[in-house]
Amino acid sequence: MDRDSRLKLAVQKSGRLTDPSLDLLARCGLKLARGKDQLVGYGENLPLDVLFVRDDDIPDLVQEDVCDLGLVGLNVIEEKRLALAARGIEASFETLRLLDFGRCRLSIAIPEGQSWSGVSALAGRRIATTYPHLLGQFLARHGVRADIVTLSGAVEIAPRLGRADAICDLVSTGSTLAANHLEEVQTVLESHAVLIRTPVALGAVKSDWVERLLMRIEGVQQVRESKYIMLHAPRAALPEIRRLLPGSESPTIIPLEGHPDKVAIHAVCRENVFWETLEGLKRAGASALLVLPVEKMLA
Ligand code: PRT
Ligand code: ZN
């Protein structure tokens with residue numbers, strides 16, 4: 001197979017998105033020939049190679065068609081889109097799929113104990129961030145003029161150093177803010193990882209593999225939450241039990257030999273099955289409950 005028919009996918013070299021990205025690709029069936037400390041990983045069994053780079057470089061690599069695809073945070077993509085727009089360039093990378101990892105939010109935080117009366121309270125204040133374009137757009141939408149202090153990192157210590165009155169940074173658990181005595185007051189952007197592709201048309205072979213990859217990603221994401229649940233139940237309790245089964249459209253109902261008043265129910269639940277659900281099912285009369293992980297799913 002010639003080189004041009006192999007897809008090139010940019011993945012973060014070392015950071016929060018690296019492991020979940022490689023895990024997703026492995027679940028899609030990709031075996032990579034080289035470790036992640038090398039710049040390129042060669043797909044052994046699929047015509048797809050992985051380029052390991054800094055996450056900030058991924059939008060450019062895809063925009064400039066060096067890579068066909070990229071896995072990167074929506075926050076990085078949207079900041080890049082606005083940065084390009086500010087230079088009069090239209091971002092042309094296309095978002096193919098939202099992914100179920102890398103969740104975080106870009107939020108405004110202020111020193112603990114200060115009162116917050118809404119976005120207008122930021123007027124005339126200094127806000128430190130590494131996302132000047134997203135913050136600028138947010139403030140403009142709210143008609144607020146503030147002083148954006150662009151930093152390259154360690155944003156959370158800016159208020160303590162007297163460099164800013166507020167910050168705008170990524171938050172996931174909130175523990176970094178808490179450790180720095182800051183309080184989250186306003187979300188600017190909800191973010192998660194996304195799969196983007198080049199604006200340039202791909203040949204038939206590559207296009208076909210992009211489609212297959214998307215289908216596999218869809219399957220992987222569905223399976224992650226899905227469970228196969230089996231239980232026995234009195235026939236009379238069927239309506240209640242069907243109501244309690246989380247996210248299952250049409251369960252299979254099987255008669256139980258020697259128990260005319262009972263049935264076995266098998267269902268794929270497209271949501272996680274929590275202990276509370278099992279306890280509810282048991283209260284409704286279910287017994288012999290078994291919850292199994294789903295390995296693969298293809299609609
Ligand atoms: O070296 P490179 O440039 O590739 O990596 P990086 O340091 O720029 O990025 P990295 O690995 O920190 O994050 C990569 C992507 O992960 C981000 O662009 C987001 O899309 C996503 N992500 C998800 C996060 C977080 N959660 C997150 N919590 N990125 C950063 N953080 C930081 C945040 O900036 C803050 O310092 O973690 C701290 C807050 O975390 P909590 O849990 O204390 O709230
Ligand atoms: Zn980065």
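The values are calculated or read from the model by the stated rules, or taken from the named source; none is laboratory data. Keep in mind it's a predicted model, so treat the numbers as computed, not measured. Methodologically, a virtual Cβ is constructed for each residue, glycine included, from the backbone with ideal geometry; neighbour enumeration extends over all protein chains shown.
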(message) Please go through the stretch 249-279 and give me each residue that is free of Cβ contacts under 8 Å to residues at least 24 places away in the same chain and among the aliphatic types (A, V, I, L, M), ordered by number.
(response) Ile253, Ile254, Leu278
(request) Tell me which residues, restricted to the stretch 203-237, are outside any helix (DSSP H, G or I) and surrounded by 15 or more Cβ atoms within 10 Å (Cβ to Cβ). (result) Ser226, Lys227, Tyr228, Ile229, Met230, Leu231, His232, Ala233, Pro234
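Tell me, which residue of the stretch 257-285 that is assigned to a helix (DSSP H, G or I) and of a type in the set (A, V, I, L, M) is surrounded by the fewest Cβ atoms within 10 Å (Cβ to Cβ)? I'd like the intermediate steps shown before the answer.
Taking the stretch 257-285 first, the residues assigned to a helix (DSSP H, G or I) are 275-283.
Checking which are of a type in the set (A, V, I, L, M) leaves us with 278, 281.
Values: Leu278: 16, Leu281: 22.
The qualifying residue surrounded by the fewest Cβ atoms within 10 Å (Cβ to Cβ) is Leu278.
Please work out if Leu122 is buried (at least 16 other Cβ atoms within 10 Å of the Cβ), more than 15 Å from ligand 1 (Cβ to nearest atom) and under 19 Å from the mean Cα position of the chain (by Cα).
Values: buried (at least 16 other Cβ atoms within 10 Å of the Cβ): yes; more than 15 Å from ligand 1 (Cβ to nearest atom): yes; under 19 Å from the mean Cα position of the chain (by Cα): no.
No.
In the stretch 33-73, what residues are of a type outside the set (D, E, K, R), part of a loop (DSSP other than H, G, I, E, B) and under 19 Å from Arg16 (Cα atoms)? Give the derivation first.
Of all residues in the stretch 33-73, those of a type outside the set (D, E, K, R) come to 33, 35, 38-43, 45-48, 50-53, 58-59, 61-63, 66-67, 69-73.
Then keep just the ones that are part of a loop (DSSP other than H, G, I, E, B); that gives 33, 35, 38-39, 42, 45-47, 66-67.
Within the stretch 33-73, Gly35, Gln38, Leu39 qualify.
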(request) Output the residues belonging to the stretch 144-193 that are in a strand (DSSP E or B) and among the aliphatic types (A, V, I, L, M). (result) Ile148, Val149, Ala166, Ile167, Leu170, Val171, Leu182, Val185, Val188, Leu189, Ala193
(message) Being within 16 Å of ligand 2 (Cβ to nearest atom), farther than 20 Å from Val194 by Cα and in the same structural domain as Val171 (by TED's automatic domain parsing) is true for just one of Val119, Val155. Which residue is that?
(response) Val155
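Among the residues that make up the stretch 84-92, is at least one of them surrounded by 20 or more Cβ atoms within 10 Å (Cβ to Cβ) and either away from ligand 2 (no atom under 16 Å from the Cβ) or under 20 Å from Leu189 (Cβ atoms) (or both)? Lay out the reasoning, then the answer.
Step one: of the stretch 84-92, the residues surrounded by 20 or more Cβ atoms within 10 Å (Cβ to Cβ) are none.
No, every residue in the stretch 84-92 fails to be surrounded by 20 or more Cβ atoms within 10 Å (Cβ to Cβ) and either away from ligand 2 (no atom under 16 Å from the Cβ) or under 20 Å from Leu189 (Cβ atoms) (or both).
State yes or no: is Ser175 surrounded by fewer than 19 Cβ atoms within 10 Å (Cβ to Cβ), polar (S, T, N, Q) and either in contact (Cβ under 8 Å) with a residue 60 or more places away in the chain or within 16 Å of ligand 1 (Cβ to nearest atom) (or both)?
Working: surrounded by fewer than 19 Cβ atoms within 10 Å (Cβ to Cβ): yes; polar (S, T, N, Q): yes; either in contact (Cβ under 8 Å) with a residue 60 or more places away in the chain or within 16 Å of ligand 1 (Cβ to nearest atom) (or both): yes.
So Ser175 fits the description; yes.
Just to verify a result, which residue in the stretch 60-79, among those that are surrounded by 16 or more Cβ atoms within 10 Å (Cβ to Cβ) and more than 11 Å from ligand 1 (Cβ to nearest atom), is farthest from Val11 (Cα to Cα)?
Filtering the stretch 60-79 down to residues surrounded by 16 or more Cβ atoms within 10 Å (Cβ to Cβ) leaves 60-63, 67-79.
Subset that is more than 11 Å from ligand 1 (Cβ to nearest atom): 60-63, 67-70.
Values: Asp60: 13, Leu61: 11, Val62: 11, Gln63: 15, Cys67: 10, Asp68: 12, Leu69: 9, Gly70: 6 Å.
Checked the stretch 60-79; the qualifying residue farthest from Val11 (Cα to Cα) is Gln63.
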(request) Give the residue, chosen from Leu82, Leu22, that is closer than 23 Å to Trp209 by Cβ and assigned to a helix (DSSP H, G or I). (result) Leu22
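Could you list all residues from the stretch 245-267 that are within 11 Å of Ile229 (Cα to Cα) and either of a type in the set (Ser, Thr, Tyr) or within 23 Å of the chain's Cα centre (by Cα) (or both)?
Residues of the stretch 245-267 that are within 11 Å of Ile229 (Cα to Cα), as a first pass: 245-246, 248, 251-252, 264-267.
Those that are within 11 Å of Ile229 (Cα to Cα) and either of a type in the set (Ser, Thr, Tyr) or within 23 Å of the chain's Cα centre (by Cα) (or both): Pro246, Ser248, Thr252.
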(request) For Val40, indicate whether it is away from ligand 1 (no atom under 13 Å from the Cβ) and either without any contact (Cβ under 8 Å) to a residue 60 or more places away in the chain or of a type in the set (A, V, I, L, M) (or both). (result) yes
(request) Quick one: Arg103 ticks every box in (1) within 16 Å of ligand 2 (Cβ to nearest atom); (2) over 18 Å from Ser152 (Cβ atoms); (3) charged (D, E, K, R) except a single one, so which number is it? (result) (1)
